[in-house]
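The values are calculated or read from the model by the stated rules, or taken from the named source; none is laboratory data. Just so you know, these numbers come straight off a predicted model, no measurement behind them. Because the Cβ atoms are built from the backbone with ideal geometry, glycine has one as well, and the counts that use them run over all protein chains shown.
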Amino acid sequence: MGLGRYVATRVLLVLPTLFGVTLITFALTYLLPGNPALVKAGPLATPEHIREMERQMGLDRPVPVQYWRYLSGVLRGDFGESATTGRPVLQDFLQRVPATLELTLASMLIAIAVGIPLGVVAAVRRDGPVDHASRLLGVGGVAMPTFWTGLLAVYLFFYHLGVAPPPLGRLSPGVMAPTALTGLYAVDALLTGNARALGSALHQLMLPSLTLGFSVMAPVTRMVRATMLEILESDYIKAAWAAGLPRRTIVYGDALRNCLIPVITLVGVVFGFLMAGNVVVEIVFAWPGIGNYAVTSLLTKDAAPIQGFVLFVAVVYVLINLTVDLVYGVVDPRIRLR
Amino acid sequence: MNLDRRSFLKVTGGAAALLAAGPAVVRPRPSEAQDPNTLVAAWDSDIDTLDPSAFKSNGGYVTIANICDGPIGWKVRPIEGRPGFFRSRPGEFDGMLAESWKEEDDGATLVFRVRRGVKFPSGRPVTAHSFKYSFDRGLQSPGYMKLIIPRLIQVTDPAQFEVRDDSTFAIKMKAYGPMALDTVALSNNAILDADEVKAHASTDDPWAAEWLKRNPAGVGPYRLVKNEPGVEIVLEATPNYWRPKPPFERIVLKLVPNEADRVLLLKRKAIQLVSGRPGLSPKNVKSLEGEPGLKILQVPDTTCHYLGMNQKKAPFDNLSVRRAVNYAIPIQAILPNVLYGYGAQMKSPVPSLTPSHLGDYSPYRHDIARAKALMTEAAVKTPIPVDLAIRVGWPTHEQAAVWIQRELEQIGFKVNIVKESDATFRQVAIKGDHALSIESWQSWINDPFYHLSFLFDSRQKFTNLSFYVNEKVDKLIDDNMHEPNVAKRNAASQEIQKIVIDDAVWGLLWYDNWVRVMTADLSGLEKRWDTFERYYSVRRA
Amino acid sequence: MRPLLEVENLSVAFDTDEGTVGAVDAIDLDVRRGEILGLVGESGSGKSVTALAVFRLIRPPGRIAGGSIRFDGRDLLALPEEEMRRIRGAQIAMVFQSPRTALNPVLPVGRQIARLYRLHQGCSAAEARRRTLEMLGLVGIPEPERRARDYAHQLSGGMCQRVMIAMALATSPRLLLADEPTTGLDVSIAAQILDLLRDLGRRTGASIVLITHDLGVVAGLCDRVAVMHAGQLVECADVRSLFREPAHPYTRALVRSIPRVDREVTMEPVPGVVPSLLDAPPGCRYADRCPDVLDVCRTVKPARSARARDHEVACYATEAARVAAPRG
Amino acid sequence: MRRNTLSLLALGAILTIIGLALAAPLVAPYDPDAPQAEETLQAPGWRHWLGTDIYGRDQLSRIVWAARVDLLVALAATAMALTTGCVLGALAGYRGGLVDQVVMRLVDTIMAFPAFILAMGITAAAGNATANVVVAIAITHVPIYTRLIRSEMLRVREMEYAEAARTVGNRQRRIIFFHLLPNCFPPVIVQATLAMGFAILTVAALSFIGLGIQPPQSEWGAMAAEGASYIVSGEWWIFLFPGLAIMVTVLAFNLVGDSLRDLLDPRMRGVA
């Protein structure tokens, strides 16, 4: 299959999935208890007032019409309005996405920067102490509820040891946000040479990203180790040994290079875990991202943000998996033959 | 390809190293990070709307109270024994944008003299026209002043709001109203920059309700410089304000949804104050007692917490059952274990700070034998399965529910505690679908009839959530709502209280204290009837 | 002259949860200078393990359980790892079966060869590249310039094997182990590859060990043949005498299994299955499949005895028969 | 071998937890739901091994009782997902064609959501009831089994015994359920064991964000979440022990799942 056709097929296959996703998110809010019109109208509203609100919000129309309104709204970027902030959901989202993105990227970086070497060493020194330790760490990391790890970290590192800053969002109080370029405070601070903001941003990022990174590190380590073991047993590695190549070259050149390609597929998996982890970790660390926003909305039964969040995450997840597939197809031409 | 991957690894490694080194390189110490002119407080609310006449979230109300002055405000006086702190007193007011006021026609007309030389941020002056526009808007815009104004100050026609000249504004009520000044003092009556608002009105939205949701249009000691929902709200002192500049130049209100985090922040002095609806539960306030560098301010308040029993639902239509429930409430366990001393037992539905409070009438106390006897008397079939509804995120209610659950089970109920979000709770309550619930109510106007009319008048479908119907009570309310004779009015209130206690309409629980925990150097906090903080006089001691 | 490679009493064992697998059981094997030796046996007979043992590349849970391996008189098993590494690839090289998987999929093939020149001969990048192209030409790859930039998956099987051979010969090794070099190639390509191996061997003077399960290949190419069964070396002879007078019952069965155009009979597979090597009993491991089995076969492993010049066999039955009929 | 010892320990842990859960009325030293005004916030000690909460309820008793809820929810969700997934997967794999297309599109759509996010959305929409949590988790787990069974089905379908069963004239349903399905079970069992752990974590996380199991039922996640508020006042035991209970249980299920995989699927031995 040619690359062009491969890309086209993969992209086309995503469309029905995305359609299904909107159906599900619509169904979710349609079922959501708590009349949004009532929330908007306030406690002293009269029945007429509430009916008027319902009319304004289109809640009195038949379900298919409501779905159509919803879908066309979504396509125009209209995710409805939040009752708690009184702003369009999209605007609230755009304001919070950088926070979530920063946390997600940092966690992924940690998971990858620690997980990959750990997996490699575990495979190379199979059944050695590192292998056992990483396995223990792996099963432990997966077995601990993320919120619990986070709270434990707050308790230990902030409350007792005082090495971590208070779990209060992205910058310590009194530090001004750096000039917005990417929205990622650490990156923006680095680019603008704002040392104070950079230090504060990284410091604030430390515990949440470690918590989250730790929770998703296990699958990374696991897969790298398995892949690496498979590769170390492969013919070309044997050939490399037989050709007298030094150990370093073989393990960290030939083997690792081959190992990293399938690891690309992990990005999708890890992202899925990260999105789930984000929700609770953002709560624990008062991180002003979209997960936090979703949970806050959940507590107030503010439908539009929850719906928007679920939809947003699903769409991003689908697109990331698509990208991963495409990148994999490009990097490893063998995959296109399947 | 090759090169790319290598450089990627380099970047990755570098960033990871930075991440690790970050804390060591720059660790802002709290003292350094804090600007002496900034007050950092934590709370748990966002601003849902900035429209003064709409019903709002706590965050919305507090913000409005600090950025938009009304005609008058409740006067505060020092709290005895707590130097540096202040509270409002019944019937005492201060002029705000109205520098003075007087009564005419035996109190049926209120005449306000507009403070001269006060300007809105737009540069336009505050005039009697601004007053009229704001009250007109309250009466007519789809908010909830629309409901309040006719009821409490007997104004139904905008013509009753009268501009006599540029600096004289009059409210011509149908008759004298004992609650008139209190009503005018509500933060909902913030005076708006009429031209500014009108510029954003349209035929669909003649009162610019959409625009006012997100845009402040009044003048107050502070102005809103940042509203980042989910993160923080920043207020800064208004330049050229009609009063002297406030001690704190900036107020940063951090949104910290998790109560444990708020406690941690206080302990680490990363914030100076916890604000909010309760902000901190009594359990946590208790744990902060004696914490070096912190101090606790508590003031008795008018917030009522009660066990709602729906009289439209069996078995709570049965008087004996309701009385039995009142005898089953383990108030002696709740007071120390839920309130930790930051509240007082409710003896009457009318709070102890409210005139005419009847504190020695209620016979109810924890007495399971009595309760069981009453249940037998009621002759209902046990066990009675019942849902006890509470709101998510109200720790005192959650805790009280657990204590109550056990006792009710002893007298024949099978209680299932149901946590509902605020919106769901309210919706279910209004529909009359809660059989048993823990409710709370705070009257912004400290007046017995304001209080009783909302809670026990059978025509108040959305607030009389016990669905209590008693024609005698309804009539007493109607007859005395606007009664000028204070003694007569208070006697009527006490009569209602007796009826309501006899009828065991509520399961009597407790009145909250208004509690704030702050760093020891803070003073100047003021507590008004509506519980919303004004930061104008808060300062470092 | 002393043989280039002397394997004596070599045993390789794999420790598993269930017990010890004796993959190679005390074999002796010489490879003479300049010869092509065929190492023959069914899959699982220990041929490839023997080759890896020569490279000292048996990885845990496997281990060399005993014996010695001398290369040009030096005891390989006693060398420090670093010195051993310098011998690998430079002096002893290996051509693997399934060439496609034996090439690194993410490195262009030219780079894989060139780095050997740089590593073992200290060539500059340019020199390594020049020699790589030369070598690719030598193994019969058209347009070496272009092919050098290709990845393994872009080449045909035959091309890959030529690349492998180029890699193996790049540093002019003195011993080349070729493990099933024609697996998966079609017949005509396989023949070309084998010819190539022989020619290059002759030209460089390297000794070649051709590991295969296919006696037919051996017949056309090798000077001598060693037959392995279940980790044991059962017979070793020059190619002509082995085919004319296969002595061991296993060898005889193998020879019978060669498809031949000059015979009407269809090919007979070797009867029975390769026995489990897990905690194998002492004695000849062919005993259970052997038509001529004696009692002693199951208890004591037969020693190797010379049957003729350059023809040794390890079998009691054959020995007995020979003693009985001395003409052989 | 060390690994085997570990797996046996894990299996022992699971059996112990199940045993404790079943015997909760017998082994729990106190009534888990009865508030005791005199016993509030006791630190771990002789009277209360794991301390008491703000209502004076014994933590150990509550954790033991909570095991019932957690295990039951996880088990019910897994069983529900497993049956649904198996039926769907078997149909898709055996029938092929349109049925296969429809089932696989459905599965793709479910998988388009990160599992926890979907569970969160469903619970939020359906309301906080134990049954809804079960259904939400089950739905997110269905695709695993559907895909697994479908691919096994495709593989197994071609094998001889299916052929044999077909020629004997068995009805199709019988072929699927009595002849083909049992052959697909080993990988499914492995998945189900691992899914138990995942389900327990999901329940806990849902409780933490205020969804899921409601009081008075004690549930580990809810207990830990509630305890979170008391760390700051130094009452660490309310938060710590339920979390540990979750960790040990999930760990045990994961270890057993891994060993089962090694046992049932030798190809994967030592790889993962």
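Rundown of residues vs (1) in a loop (DSSP other than H, G, I, E, B); (2) charged (D, E, K, R); (3) touching a residue at least 60 places away in the same chain (Cβ under 8 Å); (4) within 14 Å of chain A (Cβ to nearest Cβ), yes/no style:
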site: B:415; (1), (2), (3), (4): no, no, no, no
site: B:424; (1), (2), (3), (4): no, no, no, yes
site: B:437; (1), (2), (3), (4): no, no, yes, no
site: B:443; (1), (2), (3), (4): yes, no, yes, yes
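Considering the stretch C:215-234, the residues that are in contact (Cβ under 8 Å) with a residue 60 or more places away in the chain and more than 26 Å from residue C:282 (Cα to Cα) include one that is surrounded by the fewest Cβ atoms within 10 Å (Cβ to Cβ), namely C:223. Cβ separations smaller than 8 Å between residues 6+ apart or across chains give the following pairs from the stretch D:4-19 residues that are within 14 Å of residue D:250 (Cβ to Cβ) to residues that are β-branched (Val, Ile, Thr) and assigned to a helix (DSSP H, G or I): D:10/D:256; D:13/D:248; D:13/D:249; D:14/D:249; D:14/D:256; D:17/D:248; D:17/D:249.
Residue-level analysis places residue B:325 among those that are buried (at least 24 other Cβ atoms within 10 Å of the Cβ), more than 27 Å from the chain's Cα centre (by Cα), more than 11 Å from chain D (Cβ to nearest Cβ) and not in a strand (DSSP E or B). The residues listed here are A:289, A:277, A:308; of these, the one that is at the interface with chain D (Cβ under 10 Å from one of its Cβ atoms), farther than 26 Å from residue A:330 by Cα and buried (at least 24 other Cβ atoms within 10 Å of the Cβ) is A:277. Within the set A:162, A:115, the sole residue that is more than 25 Å from residue A:296 (Cα to Cα), surrounded by fewer than 19 Cβ atoms within 10 Å (Cβ to Cβ) and within 13 Å of chain B (Cβ to nearest Cβ) turns out to be A:162. Within the stretch B:171-205, being over 17 Å from residue B:54 (Cβ atoms), under 26 Å from the mean Cα position of the chain (by Cα) and in a loop (DSSP other than H, G, I, E, B) holds for B:177, B:178, B:179, B:185, B:193. In the stretch A:71-94, the qualifying residues are those that are in contact (Cβ under 8 Å) with a residue 12 or more places away in the chain and in contact with a strand residue (DSSP E or B) (Cβ under 8 Å, 6 or more places away or on another chain), and the one that is surrounded by the fewest Cβ atoms within 10 Å (Cβ to Cβ) is A:78. Annotation: of all residues in the stretch B:269-290 being at the interface with chain D (Cβ under 10 Å from one of its Cβ atoms) and without any contact (Cβ under 8 Å) to a residue 40 or more places away in the chain, the one that is farthest from residue B:62 (Cα to Cα) is B:287. Checked across the stretch A:210-220, the condition of being more than 11 Å from chain B (Cβ to nearest Cβ) and closer than 30 Å to residue C:57 by Cα holds for at least one residue. Looking only at the stretch B:511-531, which residues are of a type outside the set (Phe, Trp, Tyr) and part of a strand (DSSP E or B)? If the condition is that a residue be of a type outside the set (Phe, Trp, Tyr) and part of a strand (DSSP E or B), then B:512, B:513, B:515, B:516, B:517, B:518, B:519, B:522, B:523, B:526, B:527 are the ones that fit. The residues of the stretch D:225-256 that are more than 9 Å from every other protein chain (Cβ to nearest Cβ) and among the β-branched types (Val, Ile, Thr), listed by number, are D:238, D:256. Inside the stretch B:249-260, residues that are in contact (Cβ under 8 Å) with a residue 60 or more places away in the chain and within 13 Å of chain D (Cβ to nearest Cβ) make up a count of 3. Restricting the stretch D:1-28 to residues that are in a loop (DSSP other than H, G, I, E, B) and either under 27 Å from the mean Cα position of the chain (by Cα) or among the acidic types (Asp, Glu) (or both) leaves a set whose member that is farthest from residue D:262 (Cα to Cα) is D:28. Of all residues in the stretch A:126-151, those that are at pLDDT below 90, more than 19 Å from residue A:220 (Cβ to Cβ) and assigned to a helix (DSSP H, G or I) total 2. Restricting the stretch C:104-114 to residues that are at the interface with another protein chain (Cβ under 10 Å from one of its Cβ atoms) and surrounded by 22 or more Cβ atoms within 10 Å (Cβ to Cβ), the residue that is farthest from residue C:83 (Cα to Cα) is C:104. Sub-8 Å Cβ pairs linking a first residue in the stretch A:280-296 that is without any contact (Cβ under 8 Å) to a residue 40 or more places away in the chain to a second residue that is of a type in the set (Gly, Ala, Ser), at least 6 apart or interchain, are A:295/D:210, ordered by first then second residue. Counting only strands (runs of 3 or more DSSP E) that sit wholly inside the stretch C:216-311, those with at least 3 residues that are at pLDDT 80 or above and not aromatic (Phe, Trp, Tyr) are C:224-229, C:232-238. Do we find a residue being farther than 23 Å from residue B:334 by Cβ, buried (at least 22 other Cβ atoms within 10 Å of the Cβ) and free of Cβ contacts under 8 Å to residues at least 12 places away in the same chain anywhere in the stretch B:484-497? No, there is no match, as no residue in the stretch B:484-497 is farther than 23 Å from residue B:334 by Cβ, buried (at least 22 other Cβ atoms within 10 Å of the Cβ) and free of Cβ contacts under 8 Å to residues at least 12 places away in the same chain. Could you check, for the stretch D:62-70, whether at least one of its residues is without any contact (Cβ under 8 Å) to a residue 60 or more places away in the chain, within 30 Å of residue B:284 (Cβ to Cβ) and basic (Lys, Arg)? No, the stretch D:62-70 contains no residue that is without any contact (Cβ under 8 Å) to a residue 60 or more places away in the chain, within 30 Å of residue B:284 (Cβ to Cβ) and basic (Lys, Arg). Among the residues of the stretch B:249-264, the one identified as among the hydrophobic types (A, V, I, L, M, F, W, C) and over 24 Å from the mean Cα position of the chain (by Cα) is B:264.
Does residue B:462 qualify as being at positive phi and either part of a loop (DSSP other than H, G, I, E, B) or surrounded by 18 or more Cβ atoms within 10 Å (Cβ to Cβ) (or both)? Considered against the rule, which asks whether it is at positive phi and either part of a loop (DSSP other than H, G, I, E, B) or surrounded by 18 or more Cβ atoms within 10 Å (Cβ to Cβ) (or both), residue B:462 comes out as no. The residues listed here are D:69, D:99, D:87, D:103; of these, the one that is touching a Lys or Arg at 6+ places or on another chain (Cβ under 9 Å), in a helix (DSSP H, G or I) and among the β-branched types (Val, Ile, Thr) is D:103. Residue C:299 passes all but one of (1) exposed (fewer than 14 other Cβ atoms within 10 Å of the Cβ); (2) under 20 Å from residue C:41 (Cα atoms); which number fails? Going through (1) exposed (fewer than 14 other Cβ atoms within 10 Å of the Cβ); (2) under 20 Å from residue C:41 (Cα atoms) one by one, residue C:299 breaks only (2). Considering the stretch A:319-334, and only residues there that are surrounded by fewer than 21 Cβ atoms within 10 Å (Cβ to Cβ) and at the interface with another protein chain (Cβ under 9 Å from one of its Cβ atoms), the residue that is farthest from residue A:101 (Cα to Cα) turns out to be A:334. Within the stretch A:175-202, the residues that satisfy the criterion of being in contact with a Ser or Thr (Cβ under 7 Å, 6 or more places away or on another chain) and either facing chain B (nearest Cβ under 9 Å) or buried (at least 21 other Cβ atoms within 10 Å of the Cβ) (or both) are A:175, A:178, A:188, A:200.
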